[in-house]
Structures are given as structure tokens and as C-alpha cells.
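Let me begin by presenting the structure, written as C-alpha cells, before commenting on it.
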Amino acid sequence: MKYSTVIFDLDGTLLDTLSDLADAVNHTLSVFGKKQVTSDDVRRFTGYGAGYLISKASGVSRDDESFGEILDYYLKYYREHANIKTAPYPGVIELVDSLRERGVKCGLLSNKPDPAVQVLIDLYFPGVFDFVSGEREGITPKPDPSGINTALSVMGGDKITTLYVGDSESDVIAARNAEVAFAGVTWGFRDRDVLEAEGAEIIADNCDELFAACL
């Protein structure tokens, strides 16, 4: 295998979480008397963490005194409703299993809040990954490279033989900042042209292409 360590993003890469994210965002907005947003809005607002998502969706600045209450409500509601419509993308479970069968270390790094990440990974990928983390204390959201660096430290990976897989521009930049290779997937929350514009050199349209890129 070309890469001995592969680290995956979650939303838009392994799991299609958009409907549950949009439902949780709009429920939260309704509770606080805010205007509803579309699924396309939520798609555009994802990739930079829950704080960014809620600020953009609600129109409330993070500096506003009401922001913390809105965000806390969303985090609790989403954690309790994170698996209503969510499902793995076709072939991703088999892809990860195939990599592991070939001795590849597999990790998971998301900008989703860590409690929700742990819930979804326990449901869909129990015991599969050598490292699992969402946004939490000590892990600054992507595009900061600290999450990838922490994953490699825990997993014992070498940057030269590490591939980070994601679907958004923040993933491309995070991999570049961490000095590891990147592969973008087109089935997620961003279109191919966004990945290309950010400089992604490997772009896969399906899991077979992604697996081939690892060989």
C-alpha cells in the first residue's frame, strides 16, 4: 500500500449526515425565533465546526451574549437526534475494512463535536478506528493541523505515508498544514470544483477510486 495510515473526515466523507444536521439546526432556530435555513445552506456552512455552523445559520455573532445559549441547545439536541436519517455512503464500510485487512492504520478526525462523533462511530464503525476524535479540548478545528498531528502521534503514523480523506476545503487546507497527502471525495458536501480550486490533487468519485489511490 502507498499509504500506511489513512485518516478520514466524517460528515460528507463516511456518513451522509446532512438531513439530521439540517433538522437539528432548524429545530434550534425555531426554538429561538430565528428564520429557517435550507439544506443547501447547512451544506455550505458545514466544515468549520458547530460554532461556525450555528453562527452562520442563525445570523448571531459568536461575540453576542445569546450565542452560547443557542449553541448549547443545538449541541444537546443534535447529539440526541444524530442518527434519525444519517447513513453511510455506499461502499465506505467495505473500504475501511479493506484497508484494515491490508494492515493500514485507520483514524477518524472530524470537526463535529466529539460527543456526537463518538455516538455515530460506535453505531457504524465499532472498534474499527485506531483514533477517533471530533472537536474537543486540545483539538482545534480544521483547518488547524493539530487534530491530524494528534492522530498521528497516537497512531504512530509517519507523515510521508499518511493520507487524509475529506470532502471540503477545510480538509484540504488541514492536510496541507499538517504536511500530509490529501484525497478529496465528490459525494459529500462540496463539489469537485471547490476541491480543485483549493489544490486537491487526488479526487475520487467513488470508493473504488479512493481505494485505488491508496495502492
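The values are calculated or read from the model by the stated rules, or taken from the named source; none is laboratory data. None of the values given here were measured: they were computed from a predicted structure. Virtual Cβ from ideal backbone geometry, glycine too; neighbours counted across all protein chains shown.
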Residue selected from segment 86-116 under the condition part of a strand (DSSP E or B) and small (Gly, Ala, Ser), by the criterion nearest to Ser19 (Cα to Cα): Ala87
Matching residues, segment 145-163, being in contact (Cβ under 8 Å) with a residue 12 or more places away in the chain and among the polar types (S, T, N, Q): Asn149, Thr150, Thr161, Thr162
Helices (runs of 4 or more DSSP H) (entirely within segment 1-68) containing at least 3 residues that are closer than 21 Å to Ala174 by Cα: 39-45, 50-58
Members of segment 21-42 found to be of a type in the set (Gly, Ala, Ser), buried (at least 19 other Cβ atoms within 10 Å of the Cβ) and either in contact with a Phe, Trp or Tyr (Cβ under 9 Å, 6 or more places away or on another chain) or farther than 19 Å from Glu69 by Cα (or both), listed by number: Ala24
Filter result for Arg176 (at pLDDT below 95 and in contact with a Pro (Cβ under 9 Å, 6 or more places away or on another chain)): no
